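These notes are about the structure you will find just below.
The values are calculated or read from the model by the stated rules, or taken from the named source; none is laboratory data. None of these values were measured; they are calculated from a predicted model. Cβ: placed from backbone, ideal geometry, glycine included. Neighbour counts: every protein chain shown. Ligands, DNA and RNA are excluded from the accessible area calculation, which covers all protein heavy atoms including side chains. Shrake-Rupley method; radii C 1.70, N 1.55, O 1.52, S 1.80 Å.
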Amino acid sequence: MAPNPQLDDNGKLCHLLTIEGLNAALIHSILDTAESFVGVNEREVKKVPLLRGKAIFNLFFEPSTRTRTTFEIAAKRLSADVVNLNIGASSQSKGETLLDTVDNLAAMGADMFIVRHSESGAAHFIARHVAPHIRVINAGDGRHAHPTQGLLDVFTIRRYKKDFSRLAIAIVGDIMHSRVARSEIHALTALGVPDLRVVGPRTLLPQGVEELGVRVYHDMEQGLKDVDVVMMLRLQNERMRGPLLPSAGEYFKHYGLTPAKLKRAKPDAIVMHPGPLNRGVEIDSAVADGPQAVILPQVTYGIAVRMAVMTLLAGSST
Amino acid sequence: MAPNPQLDDNGKLCHLLTIEGLNAALIHSILDTAESFVGVNEREVKKVPLLRGKAIFNLFFEPSTRTRTTFEIAAKRLSADVVNLNIGASSQSKGETLLDTVDNLAAMGADMFIVRHSESGAAHFIARHVAPHIRVINAGDGRHAHPTQGLLDVFTIRRYKKDFSRLAIAIVGDIMHSRVARSEIHALTALGVPDLRVVGPRTLLPQGVEELGVRVYHDMEQGLKDVDVVMMLRLQNERMRGPLLPSAGEYFKHYGLTPAKLKRAKPDAIVMHPGPLNRGVEIDSAVADGPQAVILPQVTYGIAVRMAVMTLLAGSST
Amino acid sequence: MAPNPQLDDNGKLCHLLTIEGLNAALIHSILDTAESFVGVNEREVKKVPLLRGKAIFNLFFEPSTRTRTTFEIAAKRLSADVVNLNIGASSQSKGETLLDTVDNLAAMGADMFIVRHSESGAAHFIARHVAPHIRVINAGDGRHAHPTQGLLDVFTIRRYKKDFSRLAIAIVGDIMHSRVARSEIHALTALGVPDLRVVGPRTLLPQGVEELGVRVYHDMEQGLKDVDVVMMLRLQNERMRGPLLPSAGEYFKHYGLTPAKLKRAKPDAIVMHPGPLNRGVEIDSAVADGPQAVILPQVTYGIAVRMAVMTLLAGSST
């Protein structure tokens, strides 16, 4: 078994499971393809026939209207046939195993699976199992990875800031439980960002995170000093009431992004957030709706990036 | 802010939020467009490419399989891409605001939102907020309005009775809680119906309803006397057991449409109902399945009317 | 009313409600049409325009992700517009009758209904009611029938074993509660299988099942002796804990298909299962994943068979 099942013997991407292990050239080639789809999404007829007659399955074992919708839209713009499967506890309780479910859908003629699962490694597990012509995209697995989110984030940064080799970037919040943070860190280090920081309370930063190539800050004002990009993370509701944090209000006081704290960043710094927003918890509305926020462009570029990934994977299978 | 956000500076429809404020010419132009789609729905290939590549979002904050399906079918017949979003309590409890949800979907490239919401005014709120190229159709907001229902009702009447200026029409039932009744009253008064009546018990008629241009009847036999059209309303289940009514049986006795009561109307009167039917509560099966009922034609015309509204709105955006 | 509402006056299929009453020539003609679609499903662009502009409603009163998905895929490959309606307790509790629901969807322009319902006879009931141009496919009604499953099973057998007139076939498991078993028995007897057996405990075999043209075995080793095909049935979870069986473990010991028991069949016997699998209950993983299993080809052929049925029915309506 190859150590990285998402690359074939020629180093070409055949699944997208994680950004870990992808090099800068490969990431830039995905982003370049995404650039070509930004235009499609602004056209009157937002549709290209690239994946006509392909069967794409949204295989969501964890509920997510938002992410599922972005993949559905991306697939429909490529003219693919999309089947949405929200496989909750009820279906799995029929006793069928995960791989039996996947085998059955493959037997129905699936060309691509978009997989979200609460278990880290679920997408890898499926990718290792399926027949060689089938493609798998990880749409979030446990705390592990959310690679299309990482890609749309670096696509957004490239659009606004161009040269990654000159940037200072801070990722702020609950790094510990965030698959988004992991994918962002892998993407930004691969792209050569020289000053990458993570900012958060000790209880929400994983031990040894420095080994990923980031500097750790517990004080937000220091962490944001002179950065070009502030990447906020969503604070999951269960953390606000959990043992790791005193309260949502206390969190906002120290790590909520306010106009005052944002002043520590460069004047032209951009503010990002993967959504959905907890206004008044990790971000102040004045910032979220302010001129430095690029949160909605992230969503827009997310469609183009997902179209790019789907097209590249499908192309590699033919 | 314009007093009527659904009309642009030239008086052209850019959203459909309510029938209130639409004049007869505009309503007839919608109905004329709908006429052209009646034929499409009778063809072997029930499809036209008018909205190809457009992204239409069914944004339903209140569950409604039936209405959602009619919009989905209408959009697919126009070759649009439809995304269904049933946003129940769970999604909203993720803490995202209504406008953040809308902004995100707009950022994904939405061209049109079909909105149903339990709060009156929700569709207006969204229409005021979205970018100018995005269209909003109100598919029912609280007790306020359900304009496509109103339009399909007058389309049906026009098909069967031609000249609105000679008609006597009775709307029967729970006027108080009915957005359907409000939209019907606005449509019929705009179209110049000279004798428009509402019939129901005092507890289900709103105070001052006469100001909308209707005459009030509490006795159904009087209310139906010599009318051309009987428009029944659905009695919501919660009313049957509520403090406003003694019982469903009592209601049927006084306001249920039976063959005997229908005899008070003109011999060629038509009977309408927005569905779903409560047989034996507001309508007797002998009437619902009888020769004067046009309840299923209403459903058929509803597809054509929704295709017309979508096409007109989409056309006004280009 | 015709005794068999699925055949028109010329003996042509206008609905597919049950395999009972279909003759060998008709079944073979369906299978021949399905053969032509196997190729479509192996193409790069898995799509043909045969049902373009047709509106097909998946009308599922009983939840079933898997079967619903196979019909959805089949319809999309034929370029039809598919609307999925999962009508659970909530919608029916709005008080609308089954026929009112059907009438409404027909009024929206439905061309075909795919119906699953927990009540035996539901699809017949709907087929008798709808207008002559509308087609109905039974996707499982109570314990009565699941004809497309029966057809895909005989399609699979024909592919592997060619001549039905020389075969010995055993159907094993809970015959009593299985609509799949009923449809398989009707198909195999119509196709002239000379040695058809049912195998299971007394408590799971219906009285008088011999009248359908099968031989009854309670001992599995005897029942499998020299058969060409072993058709396993899924043991519903509720049976495992119910009064009819001591336990799932005890069931497996006597009726679970293990490599040892399979040795009693012919060396080239194939093993079938309608899914989802209860591994370790009715089938051992060594068999399910072994070289004699054709369980996933059944799924693949199921798409082609459903495309064939939809095409033949739609063709008969024009």
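See the values below:
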| quantity | calculated |
| --- | --- |
| Quotient of Cα Rg and 2.2 N^0.38 Å for segment A:167-224, N being how many residues it contains | 0.99 |
| Ranked packing of C:50-59, C:199-208, A:234-243, most packed first, by mean Cβ within 10 Å | C:50-59, C:199-208, A:234-243 |
| Backbone HN-Hα couplings from phi across segment C:272-284 [Karplus 6.51/-1.76/1.60, Hz, Gly and Pro as x] | 10, 7, x, x, x, 6, 9, 5, x, 10, 9, 8, 7 |
| Convex hull volume of chain A per residue (C-alpha atoms, cubic angstrom) | 135 Å³ |
| Mean projection area, nm², convex hull over Cα of segment C:78-220 | 11.1 nm² |
| Subset of A:46/A:263; B:162/B:261; B:12/B:161; A:12/A:76; B:46/C:12 violating a 32 Å alpha-carbon distance limit | A:46/A:263 |
| On Cα atoms only, tilt of A:179-190 relative to the major axis of chain A in degrees | 90 degrees |
| Accessible carbon and sulfur surface of segment C:142-251 relative to its total accessible area, %, 1.4 Å | 46 percent |
| Accessible area expressed per residue, segment A:148-298, with surrounding protein chains retained (probe 1.4 Å, Å²) | 39 Å² |
| Of the GluC sites (Glu not before Pro) in segment A:9-109, those whose Cβ has at most 13 other Cβ within 10 Å and which sit in DSSP loop | A:42, A:44 |
| Between segment C:244-318 and segment A:94-128, the alpha-carbon center distance in angstrom | 20 Å |
| Cα-based equivalent ellipsoid of segment C:148-298: semi-axis lengths in Å, sorted from largest, via gyration tensor | 21, 17, 14 |
| Solvent-accessible area of residue A:217 with every protein chain in place, 1.4 Å probe, in Å² to the nearest 10 | 40 Å² |
| Student exercise, the protein assembly as shown dipole from Lys, Arg, Asp, Glu Cβ charges, in Debye to nearest 20 | 400 debye |
| Interface burial for B against A (accessible surface, 1.4 Å probe, total of both chains, Å², rounded to 100) | 2000 Å² |
| Residue A:289/residue A:52 FRET efficiency (R0 41 Å; Cβ-Cβ; nearest 0.05) | 0.55 |
| Computed P(r) (all Cα pairs; segment B:14-71; 10 Å bins; percent) | 15, 36, 43, 6 |
| Cα long-axis angle, helix C:147-161 against chain C (0 to 90 degrees, to the nearest 10) | 50 degrees |
| Nearest 10 degrees, 0 to 90: helix B:65-77 Cα axis against chain B principal axis | 50 degrees |
| Positions from segment C:107-145 whose accessible area shrinks by 10 Å² or more when the full protein complex is built, not the chain alone, probe 1.4 Å | C:107, C:108, C:109, C:111 |
| Nitroxide proxy distance, nm - points 7 Å out along Cα→Cβ at residue A:215 and residue A:9 | 4.5 nm |
| Solvent-free Debye scattering, log10 I(q)/I(0), computed from the Cα coordinates of segment A:134-184 at q = 0.25 Å⁻¹ | -0.97 |
| Estimated 222 nm signal from helices in chain B, with DSSP H stretches of n ≥ 4 weighted -39500 (n - 2.57), rounded to 500 | -11500 deg cm²/dmol |
| Percent of C-alpha pairs per 20 Å bin, the protein assembly as shown, short to long | 13, 39, 35, 13, 0 |
| Span per principal axis, largest first, for the Cα atoms of segment C:1-127 (Å) | 45, 37, 25 |
| Residue list for segment A:284-302, given a label point 7 angstrom along the Cα-to-Cβ vector of residue A:160 and an amide N cut-off under 13 Å | A:287-301 |
| Residue with peak Gaussian network fluctuation, chain B [Cα springs, cutoff 10 Å], from B:221, B:211, B:282 | B:211 |
